[in-house]
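Contents: one structure, followed by commentary.
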Amino acid sequence: MMLTATEILQASILIVDDQESNVMLLEQMLREAGYTTVASTMNPREVFALHRKHHFDLILLDLQMPGMDGFQVIEGLKTNDADGYLPVLVITAQPGHKLRALQAGARDFISKPFDLVEAKTRIRNMLEVRLLYKKLENYNQELEQTVQERTAELRESEARYRSLTELASDWYWEQDEHMNFTKVSGPVLEMLGIRVDALAGEAGGALVEGWNEAERAQLQATISARQPFLDFLFSRINADGSQQQFRVSGEPMFTQACRFIGYRGVGVEVTSKK
């Protein structure tokens, strides 16, 4: 994540100092350095409204001002700055105020009288940090939005998949890791002869008699191995001597951490379709 020289020079800067000579000196220094968006005020009480409106990338703040000093301005900005990063570089002639300002929330300081080379360096360095912070914040927001969009697309795709499988088969079902039925579409329970109360938590449900035990054992072995199965045929003989045959396909489901969470699949009765 890089910044261009143009991005830095187009950053918005606010100068806050009650001395007009200091304001003029800082404005001249910044414009000669190539900065194009520089504003100023000699009234510290205007800072909050100005920052709410313009969201400055950097505020050059004098600490010693009548009526409201720089420390009070910093405290007010803490409740005003929505992005959590206070872009304040303080200006002071008092060495003891530097640490206090940093502890209050300022990011850096410039000493009076100004060393223009040092001042320009500190301003540029702070702007680089500030703009990179904003870029990272915007990137995180875009990433979060992308994740939300992809999640919505996956849900829509899943809904379409289920709709298509329901149309293309006699039933669709899902089971949890204990093989309890959690979702059923179509007469799967009746067709398989499974008691309806299986949905209430009885693992697998209670099957009626007459199933081909060899086929059931083969299918159970596939499920126990967490393997998918396609067009598996199995049958049962009903009490009246009639035979039903079914074709079923299923696949295991896993979380992103590869934990098994059950099966889902589709099936059709093929007795009458031969």
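Tabulated data for the structure shown
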read-out	value
Single residue of LEU25, LEU14 found to be under 21 Å from ARG122 (Cβ atoms) and in contact with a strand residue (DSSP E or B) (Cβ under 7 Å, 6 or more places away or on another chain)	LEU14
Cross-chain or 6+ apart pairs with Cβ under 6 Å, the stretch 234-245 first and over 10 Å from ASN212 (Cβ atoms), then basic (Lys, Arg) and part of a strand (DSSP E or B)	GLN244/ARG236
Unique residue being among the charged types (D, E, K, R) and closer than 19 Å to ALA11 by Cα when the list is LYS98, LYS134, LYS112, LYS78	LYS134
GLU137, sole failed condition from (1) closer than 22 Å to GLU7 by Cα; (2) crowded, with 17+ Cβ neighbours inside 10 Å; (3) under 37 Å from the mean Cα position of the chain (by Cα); (4) not basic (Lys, Arg)	(2)
The stretch 119-136 residues that are assigned by TED's automatic domain parsing to the domain that holds LEU58, paired with ones that are part of a helix (DSSP H, G or I) (beta carbon under 6 Å, 6 or more apart)	LEU127/ILE8
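The values are calculated or read from the model by the stated rules, or taken from the named source; none is laboratory data. Keep in mind that what you see is a predicted model, and the values were worked out from it rather than measured. Cβ atoms come from the backbone with ideal geometry, glycine included; neighbour counts cover every protein chain shown.
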